[in-house]
1. Please work out if B:Thr184 is surrounded by fewer than 23 Cβ atoms within 10 Å (Cβ to Cβ) and within 14 Å of chain A (Cβ to nearest Cβ).
2. Pick out, from segment B:19-125, the helices (runs of 4 or more DSSP H) lying fully within it that include 2 or more residues that are away from chain A (no Cβ under 11 Å).
3. Mind listing whichever residues of segment A:34-90 are among the polar types (S, T, N, Q), buried (at least 24 other Cβ atoms within 10 Å of the Cβ) and not in a helix (DSSP H, G or I)?
4. Can you tell me which of B:Ser58, B:Ser7, B:Ser3, B:Ser45 is under 17 Å from B:Arg84 (Cα atoms), away from ligand 2 (no atom under 16 Å from the Cβ) and not aromatic (Phe, Trp, Tyr)?
5. Of all residues in segment B:30-49 being farther than 23 Å from B:Pro167 by Cα and near ligand 1 (Cβ under 6 Å from one of its atoms), which is surrounded by the fewest Cβ atoms within 10 Å (Cβ to Cβ)?
6. Wholly within segment B:153-253, which strands (runs of 3 or more DSSP E) include no fewer than the required count, namely at least 1 residues that are within 16 Å of the chain's Cα centre (by Cα), closer than 22 Å to B:Gly31 by Cα and more than 16 Å from ligand 1 (Cβ to nearest atom)?
7. Can we say A:Ala52 is more than 14 Å from chain B (Cβ to nearest Cβ), within 21 Å of A:Leu314 (Cα to Cα) and within 14 Å of the chain's Cα centre (by Cα)?
8. Please count how many residues of segment A:128-150 are among the hydrophobic types (A, V, I, L, M, F, W, C) and in contact with a Phe, Trp or Tyr (Cβ under 6 Å, 6 or more places away or on another chain).
Amino acid sequence: MLHRYPKRVPIMMLTLTAILVLYPLWGAALIGDGSEFFLEKLTLMLILGLFAMSLDLLVGVIGLVSLGHALFFGLAGYTLAMASPSYSAASLWWMMPLVMLVSALSALVIGALVLRTRGIFFIMTTLAFGQMLYYLVSDASFTGGSDGLFIMFKPTLAIGDLTLIDLENPLHFFYFVMGVTLLAYLFLHWLIRSYFGQVLDGIHDNEHRMQALGYATYGYKLAAFVISGVLAGVAGMLAAMQYGFANPAQLGWHLSGEVLMMVILGGMGTLFGPLLGAFAYELLHYAFEHLTVYWQLLMGLTIILIVLVLPKGLAGLILDPPRFRLPGAGMKGLFRSGPAALFKARLGPALPHEHDEGRHYE
Amino acid sequence: MNSALLSTRGLTCRFGGLTAVDRVDFDVRPGQVHAILGPNGAGKSTLINLLSGELRPSEGEIHYRQRPIHGLPAHRVARLGIGRSHQKTNIFPRLSCLENCRLAARIHLGGVIASWRSRATARQVDERAEQALATCQLSHRAATPANAMSYGEQRQLQIAMVLATAPTLMLLDEPLAGMGREETARVTELLGALRGDYTLVLIEHDMDSVFALAERITVMVDGRVLETGTTDTIRGSSKVRDVYLGRHQQEEA
Ligand SMILES: Nc1ncnc2c1ncn2[C@@H]1O[C@H](COP(=O)(O)OP(=O)(O)OP(=O)(O)O)[C@@H](O)[C@H]1O
Ligand SMILES: [Mg+2]
């Protein structure tokens, strides 16, 4: 099947996990004074990675391009802010289920409507729902208008008086976010390989055929939409905890567009790709922001370039690594055949016309 | 009419100004192979699409086992035991043969949830898929991705997928289209072996296969039924010879 990956994928994932887990060992040494700040950046990248994976279930797995996915991300933040008591911390034990329930219900209602449309109309209706909520929270007083709402205390994770993880501690919060993201990854990994995932895959390939076989595809898509919305909600809740506020920007179309770019940059439908995509996007963002005030221009150009060179995103680099088949023997042959050949040798596998479409990984 | 497994009355389908299927009365008797003949654009595929629920009739009725099914969505019709294959090859190219058939079988054995809940059901899905492949002589290709097979094998897989849904009635739209002589003979034999176990509605241009397989034939021209009858009746019909078979033979000559 499609989702059988070469061994280097889990090896890479484990290595990256280990590097992140060991951050206290290398963070301060490598980055120095900024290591606290960078830890928060890493935490945010993990959260956005979770968010991007949730969108990948729609965009990559089913082929439903949503431009309103931030709705669930932002709504969760507002849920947390509004349900938290003002002068004490809420308990994550009931905050987490509450956020998931709100996300699930809103995804159920919105999904039931938007999934009746297809193609460009699906994109437009998801965008419209996102914008509707955006303007609602920007204008309403109970959501704090355009300022949003503050979350004075992060929820606690405790049994009785025993604090399991002190979420106010940045390092602990980082580990907590990492654990949640990892769990979500494993869950989605399992889900898209399950019988359910096979049906989603079939819908992506040929929804019409699935219906002719007897599948009520609408229900499957709706179930996936709800799962995706719940995971986006968990990401949004973590983000609001990290920022300490819920703000209209957390559910605007800007963020919906950005997370879509993370998915495309990382490689649609691969799950680990969008996770990497979120890291890459944020790193680029961070680097360019410090370089120039025109960082958005640079960012746009870089992303266009990456997508052109790597049509299957960063994941394509790992699943289908470029082979350095140099023309002739060694460097001599290289000089003989000139730079054009070098270009082809380096980019060959990534050039679209050299790709056979139905390639599967086993 | 009452002995029919499937029957239509006044079935009509319009695309804008074009009437692709025009007041068709059509009866399929249980256990029979019923072929539909007709020149290109006669409305054969449109008729099948109406029967399978993929198109909604503009007018008219479809009864399956004496119950109305016009207006039901395609997946509901499929669940009633009406399986179909498409004129264009319509398989899941990245899945293996076996996985293609499992996908087809699973929805008719309680769906995803039943396979999750019960190992026995999941095994049943596997068995039915394997059996369908065996019937279509594709067992040796079980693990091969569908897109890695020859065109003829892909057409066979399409039939296997319909079989895996364990249908009562099979609607096959040009199962032999584009096949070589040898493949045509093999698949004709395969379809012959299905006779008796299934009721078949078969659209086919290959005359030899049609006359070898079909018990009844309906000839369509311009969306209308020109004539319906036993294979011998149709073979002997002057009307059919004039309008259709004659044209067919002229083309071949
Ligand atoms: N979705 C559609 N929209 C508009 N016109 C259609 C549509 N489907 C079929 N038609 C038209 O209806 C008529 C009948 O088409 P149909 O595909 O049923 O013919 P057919 O008998 O299957 O022909 P063939 O032997 O070429 O497969 C044709 O004129 C075709 O162009
Ligand atoms: Mg046709």
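1. Working: surrounded by fewer than 23 Cβ atoms within 10 Å (Cβ to Cβ): yes; within 14 Å of chain A (Cβ to nearest Cβ): no.
Answer is no for this residue.
2. On the way: elements: B:44-51, B:74-79, B:97-106, B:111-117.
Qualifying helices (runs of 4 or more DSSP H): B:44-51.
3. Hit for segment A:34-90 is A:Ser66, nothing else.
4. Numbers: B:Ser58 fails: under 17 Å from B:Arg84 (Cα atoms); B:Ser3 fails: under 17 Å from B:Arg84 (Cα atoms); B:Ser45 fails: away from ligand 2 (no atom under 16 Å from the Cβ).
Result: B:Ser7 is the single residue among B:Ser58, B:Ser7, B:Ser3, B:Ser45 that is under 17 Å from B:Arg84 (Cα atoms), away from ligand 2 (no atom under 16 Å from the Cβ) and not aromatic (Phe, Trp, Tyr).
5. Checking each candidate, the answer is B:Asn40.
6. Working: elements: B:169-173, B:199-203, B:216-221, B:224-230.
Output list reads B:169-173, B:199-203, B:216-221.
7. Working: more than 14 Å from chain B (Cβ to nearest Cβ): yes; within 21 Å of A:Leu314 (Cα to Cα): yes; within 14 Å of the chain's Cα centre (by Cα): yes.
Taking the combined requirement at face value, the residue satisfies it.
8. First, the residues of segment A:128-150 that are among the hydrophobic types (A, V, I, L, M, F, W, C): A:128-129, A:132-133, A:136-137, A:140, A:142, A:149-150.
Checking which are in contact with a Phe, Trp or Tyr (Cβ under 6 Å, 6 or more places away or on another chain) leaves us with A:150.
Qualifying residue count, segment A:128-150: 1.
The values are calculated or read from the model by the stated rules, or taken from the named source; none is laboratory data. Source: prediction; values computed, not measured. Glycine gets a Cβ as well: all are built from the backbone with ideal geometry, and neighbour counts include every protein chain shown.
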